[in-house]
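The values are calculated or read from the model by the stated rules, or taken from the named source; none is laboratory data. Nothing here was measured: the structure is a model prediction, and the numbers come from that model. Here the Cβ positions follow ideal geometry from the backbone for every residue, glycine too, while neighbour counts run over all protein chains shown. Quick note on the areas: whole protein, heavy atoms, side chains included, nothing else; ligands and nucleic acids left out. Shrake-Rupley method; radii C 1.70, N 1.55, O 1.52, S 1.80 Å.
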Amino acid sequence: MAPLLPSSLQVLHLASDKHMLDAPKHFAESQWSFPTGLKSVVMHDARFSNAGALVLANSLPPGLEALRLDECYTMSRYMSQLFESLPASLRTLKLKRVFLNQDHVETLLTRLPSALETLAVRDISPVHCQMFKVVPVFPASLKRLRLDHLGLEPTLLVKSIPTRLETLALRTSMIGVSVIKSLLRCLSPTLVKLELSENPLGDAGVILLARSVDL
């Protein structure tokens, strides 16, 4: 059977479509696989069935450099498999509104690819104010980190901040004045952007930040 996608394909974008429910399952039954040269996969509200999502989670190409999942709720059940199969070549990973539980978050943040440079995780908890007790293991290559409303225990998160970051965004991350002191001590001198919106810094936290503008 002729390949369904050209071998020269480098970018694949899958958007909302009810007809895509079993697409990955049908691809697998046809002995289909991602082109080996594929560099970027973007999925927005891709409504795969359970069978389709499982196949997709285990089929990422070995040379993939960028993966973005937005509102792919039907993928949630198989996120652990997806995170376990992230290729070592991955340099950018962005997740938004993809529901994750404690096991998913732990698998993700302790098995990040060593080449990863950008990690953005936003609004992933289906339970309001759920707190994940995970000690992240960030690769030394990480330059851009965004964890918005992730629900990580802030003291554990701060202890794991990479040393070579250029941008750090921790919006709605329960960063209070006691945590901000530890955060400021571990920030990299290479940092050019820091976002701490919607955190309970209080007056004391804002004063600490103001005194650290040389960072």
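What the table below lists for this structure:
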{"item": "Unique match (being in contact with a strand residue (DSSP E or B) (Cβ under 6 Å, 6 or more places away or on another chain), modelled with pLDDT under 75, more than 25 Å from L142 (Cβ to Cβ) and open to solvent by less than 20 Å² (accessible area, probe 1.4 Å)) among A46, A53", "result": "A46"}
{"item": "Test: residue in segment 91-101 that is in a strand (DSSP E or B), open to solvent by less than 20 Å² (accessible area, probe 1.4 Å) and touching a residue at least 24 places away in the same chain (Cβ under 8 Å)", "result": "yes"}
{"item": "Number of positions in segment 192-203 that are over 21 Å from V121 (Cβ atoms) and exposed (fewer than 13 other Cβ atoms within 10 Å of the Cβ)", "result": "2"}
{"item": "Residues of segment 73-90 satisfying the condition of being at pLDDT 95 or above and under 22 Å from L157 (Cβ atoms)", "result": "L90"}
{"item": "Segment 149-186: number of residues that are under 30 Å from D103 (Cβ atoms) and either in contact with a Gly (Cβ under 7 Å, 6 or more places away or on another chain) or in a loop (DSSP other than H, G, I, E, B) (or both)", "result": "19"}
{"item": "Which numbered condition P189 misses (of (1) surrounded by fewer than 14 Cβ atoms within 10 Å (Cβ to Cβ); (2) touching a Cys at 6+ places or on another chain (Cβ under 9 Å))", "result": "(2)"}
{"item": "Segment 112-145, subset part of a loop (DSSP other than H, G, I, E, B), modelled with pLDDT of 85 or more and of a type in the set (D, E, K, R), residue farthest from L157 (Cα to Cα)", "result": "E117"}
{"item": "Residue that is modelled with the lowest pLDDT [pool: residues in segment 32-43 that are among the hydrophobic types (A, V, I, L, M, F, W, C) and within 15 Å of the chain's Cα centre (by Cα)]", "result": "M43"}
{"item": "Some residue of segment 190-200 being assigned to a strand (DSSP E or B) and farther than 20 Å from R97 by Cα", "result": "yes"}
{"item": "Residue in segment 95-108 that is among the hydrophobic types (A, V, I, L, M, F, W, C) and farther than 20 Å from H149 by Cα present", "result": "no"}
